[in-house]
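Here the structure comes first, spelled out in structure tokens, and everything after it is commentary.
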Amino acid sequence: MIKSVAFCPTCKVNLMVEHIERQKLGLCHAFQLNCSLCGKSIELTSSKEVRKGGNGRYSYDVNGRSMIAFHELGDGFAGMMNFCGIMNIMPPLNRTTYSDKITKLHDAYMFICQKA
């Protein structure tokens, strides 16, 4: 994805890639592409944003998918925390949020099963 926009659309020179350290991105990463000639700046994330409810807050797709993956593998929250600790990355969810999402996932599974 970065290679497709790795040059400035105005100056046609290579952009400098900078990793942006932010809080609360979980497994998602943010990058800023900067042009040294004209100063144009483009910000990208490694995962698409997903709207959470009607309150205008966003989450990142990779965080929700990792929660489902660890749940389906049988490792759950502890497995996700171990993985994030080994990789030295911030966990995407806290225990309460993980439990809430698993409850919603279970309800969705039950709804689908009842429809079948």
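Read the figures in this text as sums done on the coordinates, not as results from a lab. Quantities reported herein were computed from a predicted structural model and do not represent experimental measurements. Neighbour counts are summed over all protein chains in view; Cβ atoms, including those assigned to glycine, are modelled from backbone coordinates with ideal geometry.
Could you count how many Lys pairs in the chain have their Cα atoms under 19 Å apart, skipping same-chain pairs fewer than 8 positions apart?
The result is 11.
Hey, what angle do you get for helix 95-115 against the long axis of the chain, alpha-carbon based, 0 to 90 degrees rounded to 10?
Compared with the principal axis, the helix lies near 70 degrees.
Fully extended, how many nm does the chain gain between A69 and M87 (0.36 nm per residue separation, minus their Cα-Cα distance)? Intermediate values should be presented prior to the final figure.
Working: separation 18, 0.36 × 18 = 6.48 nm, distance 1.65 nm.
Fully extending the segment from A69 to M87 adds 4.8 nm.
Could you work out how far helix 76-87 tilts from the main Cα principal axis of the chain, as a 0 to 90 degree angle to the nearest 10?
30 degrees
Taking +1 at the Cβ of each Lys and Arg and -1 at the Cβ of each Asp and Glu, which of A78, S41, F31 sits farthest along the dipole of the chain towards its positive end, judged by Cα position relative to the Cα centre?
So the residue furthest toward the plus end is S41.
For F70, F83, which order do you get if you count the other beta carbons within 10 Å of each Cβ and list the fewest first?
In increasing order of surrounding Cβ atoms, one gets F83, F70.
Which one, (1) 1.37; (2) 1.12; (3) 0.97, gives Cα Rg over 2.2 N^0.38 Å as derived from the coordinates shown?
Answer by label: (1).
Enter the angle in degrees (range 0 to 90, nearest 10) between the Cα long axis of helix 61-72 and the first principal axis of the Cα atoms of the chain, meaning the one along which they spread out most.
Here the helix axis deviates by roughly 30 degrees.
Only Lys, Arg, Asp and Glu count, each charged at its Cβ (+1, +1, -1, -1), so figure out the dipole size of the chain about its Cα centre, rounded to 20 debye. Walk me through the numbers before you get to the answer.
Values: 14 positive and 9 negative charges, 64 e Å.
About 300 debye.
How about the range 44-116: which trypsin sites (Lys or Arg not before Pro) there are in a DSSP loop, with at most 13 other Cβ atoms within 10 Å of their Cβ?
Working: sites: K48, R51, K52, R57, R65, R95, K101, K104, K115; in loops: K48.
Sites meeting the loop and neighbour criteria: K48.
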